[in-house]
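K.L.:
Here it is: the structure, laid out below.
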Amino acid sequence: MNREQLQLYFIMGSQNVEEHDPIVVLEEALRGGITLFQFREKGENALTGEDKINFAKACKALCKKYNVPFIINDDVNLAIALDADGVHVGQDDANAIAIREKIGLDKILGVSTHSLTEVTAAINAGADYVGIGPVYATTSKSDANSPAGTILIEQTAATYPSLPIVGIGGITIDNCQTVIRAGADGVSLISAIATHEEPFVATRQLLHVLQQVAKIS
Ligand SMILES: Cc1ncc(COP(=O)(O)OP(=O)(O)O)c(N)n1
Ligand SMILES: Cc1nc(C(=O)O)sc1CCOP(=O)(O)O
Ligand SMILES: [Mg+2]
């Protein structure tokens with residue numbers, strides 16, 4: 001994958017959206033310039049069965065319209081069935097080596113990591129990028145670890161300079177530059193866009209701030 005695709009990586013499920021229609025939120029985010037999208041239909045109030053599949057199809061079609069890769073969280077079978085652009089899995093999900101074998105080399109594989117040992121294992125499994133977090137406290141994932149700051153991002157960037165890295169967890173317009181300065185290629189976030197009253201405006205502002213830090217470094 002191209003590491004610039006990680007710059008503004010939006011994650012959303014219908015359960016993350018408060019006021020608007022989630023499809024409208026996604027289209028606003030795409031119009032605003034998100035560089036990657038992860039479909040994460042999970043947790044309390046999440047859709048299941050046919051409703052989940054139909055919502056995923058609608059999200060995929062929108063991503064295609066804006067030429068933004070469509071990644072599915074956890075559900076490898078759904079990713080294969082919908083011919084998604086990739087899959088993201090964590091340490092408690094299906095084994096990353098088995099997933100790489102299942103999806104083939106042309107699809108994007110992202111793996112969540114919480115230590116340098118897990119980062120090394122993710123590389124060996126054929127991960128295209130690693131997600132590192134939670135950098136800050138998050139309310140969007142009920143089983144998230146304690147906030148870890150940017151130390152692992154710094155260590156990973158120093159140890160594996162060519163590995164694409166995305167920071168996640170509690171990232172907002174006010175702290176996203178710190179995550180990039182630590183060595184991440186981009187930021188992955190839910191609430192900073194999904195619960196903003198104007199998702200298009202939130203996306204434009206985030207992108208502007210991220211482009212500023214990219215210019216400086
Ligand atoms: C980009 C990115 N990074 C980390 C995660 C978290 O994955 P995981 O630990 O498997 O937790 P769930 O999201 O499945 O609850 C992610 N989804 N995306
Ligand atoms: C999906 C997810 N994974 C995390 C991890 O630490 O692996 S934190 C998280 C939720 C991110 O949402 P928000 O931007 O609203 O904090
Ligand atoms: Mg997972």
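K.L.:
Select from segment 115-217 those GluC sites (Glu not before Pro) which occupy a DSSP coil region and have at most 15 other Cβ atoms within 10 Å, ordered by residue number.
P.N.:
Loop-located and lightly packed - Glu197.
K.L.:
Quick check for segment 3-216: number of Lys pairs with alpha-carbon distance under 19 Å, counting only pairs 8 or more apart or on different chains?
P.N.:
Summing the qualifying lysine pairs gives 12.
K.L.:
Can I ask one more? Would you compute, from DSSP H runs of 4+ residues alone, the mean residue ellipticity of the chain at 222 nm, taking -39500 (n - 2.57) per run and dividing by the full residue count, rounded to the nearest 500?
P.N.:
-12000 deg cm²/dmol
K.L.:
Right, here's the next one. Against the 2.2 N^0.38 Å scaling, with N counting residues, where does segment 3-216 land? I'd like the Cα-based Rg ratio to two decimal places.
P.N.:
Computed over Cα atoms of segment 3-216, the ratio equals 0.94.
K.L.:
Sticking with this structure for a sec: Hey, rough spin-label estimate for Gln212 and Asn67, points 7 angstrom out along Cα→Cβ, what's it come to in nanometres?
P.N.:
Roughly 2.8 nm, to one decimal.
K.L.:
Given the Cα-Cα distance of Ile97 and Ala137 and 0.36 nm per residue of separation, how much length would full extension add, in nm? Could the numbers behind the result be given before it?
P.N.:
Numbers: separation 40, 0.36 × 40 = 14.40 nm, distance 2.97 nm.
Fully extending the segment from Ile97 to Ala137 adds 11.4 nm.
K.L.:
Take the Cβ-Cβ distance between Glu198 and Lys57 as r, set R0 to 25 Å, and report the resulting FRET efficiency rounded to the nearest 0.05.
P.N.:
0.40
K.L.:
Where the centre of each part is set by its Cα atoms, how far does segment 154-217 sit from segment 79-104, in angstrom?
P.N.:
Here the two parts' Cα centres lie 24 Å apart.
K.L.:
At a threshold of 8 angstrom on Cα-Cα distance, excluding pairs fewer than six apart, so keeping six or more, what relative contact order does the chain reach in percent?
P.N.:
Answer for the chain is 22 percent.
K.L.:
Mind giving me the nanometre distance, one decimal, between the label points for Ser146 and Glu44, set 7 Å out from Cα along Cα→Cβ?
P.N.:
Modelled inter-label distance: 2.4 nm.
K.L.:
Right, here's the next one. Taking 8 Å as the Cα distance limit and 6 or more residues as the minimum spacing, I'd like the relative contact order of segment 125-180 as a percentage.
P.N.:
Across segment 125-180, relative contact order equals 45 percent.
K.L.:
Further question on the same structure: Using R₀ = 30 Å, calculate the FRET efficiency as 1/(1 + (r/R₀)^6) where r is the Cβ-Cβ separation of Ser115 and Asn77; round to 0.05. Write down the numbers at each step before the final one.
P.N.:
Details: r = 28 Å, r/R0 = 0.95.
The calculated FRET efficiency here is 0.60.
K.L.:
If you place +1 on the Cβ of every Lys and Arg and -1 on the Cβ of every Asp and Glu, how big does the dipole about the Cα centre of segment 3-216 come out, in debye to the nearest 20?
P.N.:
Result for segment 3-216 is approximately 580 debye, rounded to the nearest 20.
Read-outs: derived from the displayed coordinates by stated rules, not from any lab. Remember, predicted model here, so these are calculated numbers, not experimental data. With ideal geometry, Cβ positions are generated from the backbone for all residues, glycine too; neighbour counts draw on all protein chains shown.
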